[in-house]
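See structure below.
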Amino acid sequence: MKNPMLEAVSLVLEKLLLISNFKLFSSGAPGEDKARNTFYEINSFLRGDVLEVPRTHLTHYGIYLGDNRVAHMMPDILLALTDDKELTQKVVSNKRLILGVIGRVASIRVDTVEDFAYGADILVNHLDRSLKKKALLNEEVARRAEKLLGMAPYSLLWNNCEHFVTYCRFGTAISPQADKDISKCTVKESGNAVPLPAMPESCPIIAAEVIRVSIQRS
């Protein structure tokens, strides 16, 4: 059964996280800002690598599929407003990104390395070291990402781009940065650390079955 209190707490925490990281979406995020001309050593990336792009407050993640293609989860309000693929395939703007987070709608999409990174430096497989987890074989990682392409529910806490790549790379969907940032938000707001609540039933964590249902319904 759904727990109304737990859902309310989760919603408040998500809003706090969005507010605390608002600068992430107003500078350096994909969208209406002018991209820097940056050259990337694409030949150094292997299919199945996790590409990590540090931002002002958060980090964006994707799975390299080869041929200058990156699969990554992006919030996008247009997905709830139109089926026009010409519109939704354009690089996600800041406004679309923010409204997508609020509306909890996203897609696991494929973009070029340049559009994915948007001028920022790229770290490769940094999660392998920071999480100290054994990665799946690169081809399996890439295939997992390709199977999940399409619309997906979005949640800053339970279903973000880091959940997507850790599910593909390690077989377990986790987001250390979400846990860390939420802890900071709760400490700032209350003066004391508040334990992160368990995942509510209404916010499904990334999983092949969940995304497959979303794709079939779209």
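The values are calculated or read from the model by the stated rules, or taken from the named source; none is laboratory data. All values derive from a computational prediction rather than experimental measurement. Every residue, glycine as well, gets a Cβ built from its backbone with ideal geometry; the counts of neighbours run over all protein chains shown. Accessible surface areas use protein heavy atoms only, side chains included; no ligands, DNA or RNA. Shrake-Rupley method; radii C 1.70, N 1.55, O 1.52, S 1.80 Å.
Mind checking which residues of region 105-119 are surrounded by fewer than 18 Cβ atoms within 10 Å (Cβ to Cβ) and part of a loop (DSSP other than H, G, I, E, B)?
Listed by number, the residues that qualify are Thr112, Gly119.
If you scan region 73-101, which residues turn out to be of a type in the set (Asp, Glu) and in a helix (DSSP H, G or I)?
Correct list: Glu86 only.
Looking at region 47-74, I want the residues that are on the phi > 0 side of the Ramachandran plot and have a partner that is among the aliphatic types (A, V, I, L, M) and in a strand (DSSP E or B) with Cβ atoms under 8 Å, at least 6 apart or on another chain. Which pairs are those?
Taking only residues 6 or more apart or on different chains, the pairs are Gly48/Ile63.
Conditions first: (1) under 15 Å from the mean Cα position of the chain (by Cα); (2) more than 27 Å from Glu140 (Cα to Cα); (3) not aromatic (Phe, Trp, Tyr). Lys95 passes all but one, so which condition is the exception?
Status for Lys95: all satisfied but (1).
Consider only pairs whose beta carbons are under 6 Å apart and that are at least six residues apart or on different chains; among these, list those whose first residue lies in region 85-96 and is closer than 17 Å to Thr112 by Cα and whose second residue is open to solvent by less than 100 Å² (accessible area, probe 1.4 Å) and of a type outside the set (A, V, I, L, M).
Pairs that qualify, where the first residue is closer than 17 Å to Thr112 by Cα and the partner is open to solvent by less than 100 Å² (accessible area, probe 1.4 Å) and of a type outside the set (A, V, I, L, M), are Val91/Pro30; Val91/Asp115; Val92/Pro30; Val92/Asp76; Ser93/Gly31.
If you go through region 25-47 one residue at a time, do you hit one that is in contact with a Leu (Cβ under 8 Å, 6 or more places away or on another chain) and modelled with pLDDT of 55 or more? It would help to see each step written out before you state the result.
First, pick out the residues of region 25-47 that are in contact with a Leu (Cβ under 8 Å, 6 or more places away or on another chain): 25, 29-31, 45, 47.
Those left that are additionally modelled with pLDDT of 55 or more: 45, 47.
Looking through region 25-47, at least one residue is in contact with a Leu (Cβ under 8 Å, 6 or more places away or on another chain) and modelled with pLDDT of 55 or more.
Considering only region 120-149, how many residues are open to solvent by less than 60 Å² (accessible area, probe 1.4 Å) and either modelled with pLDDT under 95 or not in a strand (DSSP E or B) (or both)?
Let us first name the residues in region 120-149 that are open to solvent by less than 60 Å² (accessible area, probe 1.4 Å), namely 120, 122, 124-125, 127-128, 131, 135-136, 138, 141-142, 144-145, 148-149.
From the residues that got through so far, the ones that are either modelled with pLDDT under 95 or not in a strand (DSSP E or B) (or both) too are 120, 122, 125, 127-128, 131, 135-136, 138, 141-142, 144-145, 148-149.
Number of matching residues: 15.
Give region 41-89 a look and list any residue that's charged (D, E, K, R) and exposed (fewer than 14 other Cβ atoms within 10 Å of the Cβ), or say none.
Residues of region 41-89 that are charged (D, E, K, R), as a first pass: 41, 47, 49, 52, 55, 67, 69, 76, 83-86.
Correct list: Glu41, Asp67, Asp83, Asp84, Lys85, Glu86.
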